[in-house]
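**Student:** Below is a structure I'd like to ask you about.
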Amino acid sequence: MRTLFLFAFIAFFTFCGKTQKSFKKNMLYSEIGGSGIVLSANYERQTGNKPGLGLHIGAGLGNHKPIIPFGVNYLFALKNKKSFIEGGAGIALAEEDIWETKSISYDDTPYKPAFIPSIGYRHHTEYGLMWRINYTPVFSRYRNIPLYAGISVGWQL
């Protein structure tokens, strides 16, 4: 009887352990709009073992010129643990003509920064697919775009 109970106990916890999915910290995603301005490919890493603080960096295109977006975000889990409210802030480095500057620059660096805060909704599927939609206004010294958004689709690694 003790052997049967021990076998049932071990089998129960073995199967329960297999059904629990671990949180995947890494993500690759493509974004239209958002912090990459026009189109970007990004990598994100969550710093903890559960959704929370994350860091992201990417490479994008705008007016046929490269853009480098990077920043931080925080995921606030909703009831079902697969949907999140995402808040964050980032910087996009881009050449001056992307910001459509008409001023004469005496700075030797060709890349100028823009501050890009964001807030939006993110959803993870149980198969690893991620999609999100964010409100991402763009603020730079040269140009502000207060009504701007981004749509992303990616994969958890």
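No value in this document is a laboratory result; all are computed from the given coordinates. Everything numeric here is computed off the predicted structure, so don't read it as measured data. Don't worry about glycine lacking a Cβ; one is built from the backbone with ideal geometry, like all the others, and counts go over all protein chains shown.
**Student:** Any residue that is in contact with a helix residue (DSSP H, G or I) (Cβ under 6 Å, 6 or more places away or on another chain), closer than 20 Å to Tyr29 by Cα and free of Cβ contacts under 8 Å to residues at least 60 places away in the same chain - is there at least one of those in the range 80-98?
**Tutor:** yes
**Student:** How many of the residues in the range 42-61 are in contact with a Ser or Thr (Cβ under 9 Å, 6 or more places away or on another chain) and closer than 17 Å to Ser118 by Cβ?
**Tutor:** Within the range 42-61, residues that are in contact with a Ser or Thr (Cβ under 9 Å, 6 or more places away or on another chain) and closer than 17 Å to Ser118 by Cβ number 7.
**Student:** Name the residues in the range 106-132 that are surrounded by fewer than 16 Cβ atoms within 10 Å (Cβ to Cβ), β-branched (Val, Ile, Thr) and part of a strand (DSSP E or B), would you?
**Tutor:** Answer for the range 106-132, where residues must be surrounded by fewer than 16 Cβ atoms within 10 Å (Cβ to Cβ), β-branched (Val, Ile, Thr) and part of a strand (DSSP E or B): just Ile119.
**Student:** Also: Out of the range 19-39, which residues are under 19 Å from Gly87 (Cβ atoms) and crowded, with 18+ Cβ neighbours inside 10 Å?
**Tutor:** Residues satisfying the conditions are Met27, Tyr29, Glu31, Gly33, Gly34, Ser35, Gly36.
**Student:** Are any residues in the range 70-99 among the acidic types (Asp, Glu) and either part of a strand (DSSP E or B) or under 13 Å from His56 (Cα atoms) (or both), and if so, which ones?
**Tutor:** Glu86, Glu95 - these are the residues of the range 70-99 that are among the acidic types (Asp, Glu) and either part of a strand (DSSP E or B) or under 13 Å from His56 (Cα atoms) (or both).
**Student:** Restricting the range 133-144 to residues that are without any contact (Cβ under 8 Å) to a residue 24 or more places away in the chain and part of a strand (DSSP E or B), which is nearest to the chain's Cα centre (by Cα)?
**Tutor:** Here the residue is Ile133.
**Student:** Sticking with this one: Can you tell me how many residues within the range 145-157 are in a strand (DSSP E or B) and either loosely packed, with under 14 Cβ neighbours inside 10 Å or in contact with a His (Cβ under 7 Å, 6 or more places away or on another chain) (or both)?
**Tutor:** Here the count works out to 2.
**Student:** Can we say Asn42 is buried (at least 16 other Cβ atoms within 10 Å of the Cβ), touching a residue at least 60 places away in the same chain (Cβ under 8 Å) and part of a strand (DSSP E or B)?
**Tutor:** Against the criterion (buried (at least 16 other Cβ atoms within 10 Å of the Cβ), touching a residue at least 60 places away in the same chain (Cβ under 8 Å) and part of a strand (DSSP E or B)), Asn42 qualifies.
**Student:** Give the residues of the range 45-65 that are β-branched (Val, Ile, Thr) and not in a strand (DSSP E or B), sorted by residue number.
**Tutor:** Residue satisfying the conditions is Thr47 alone.
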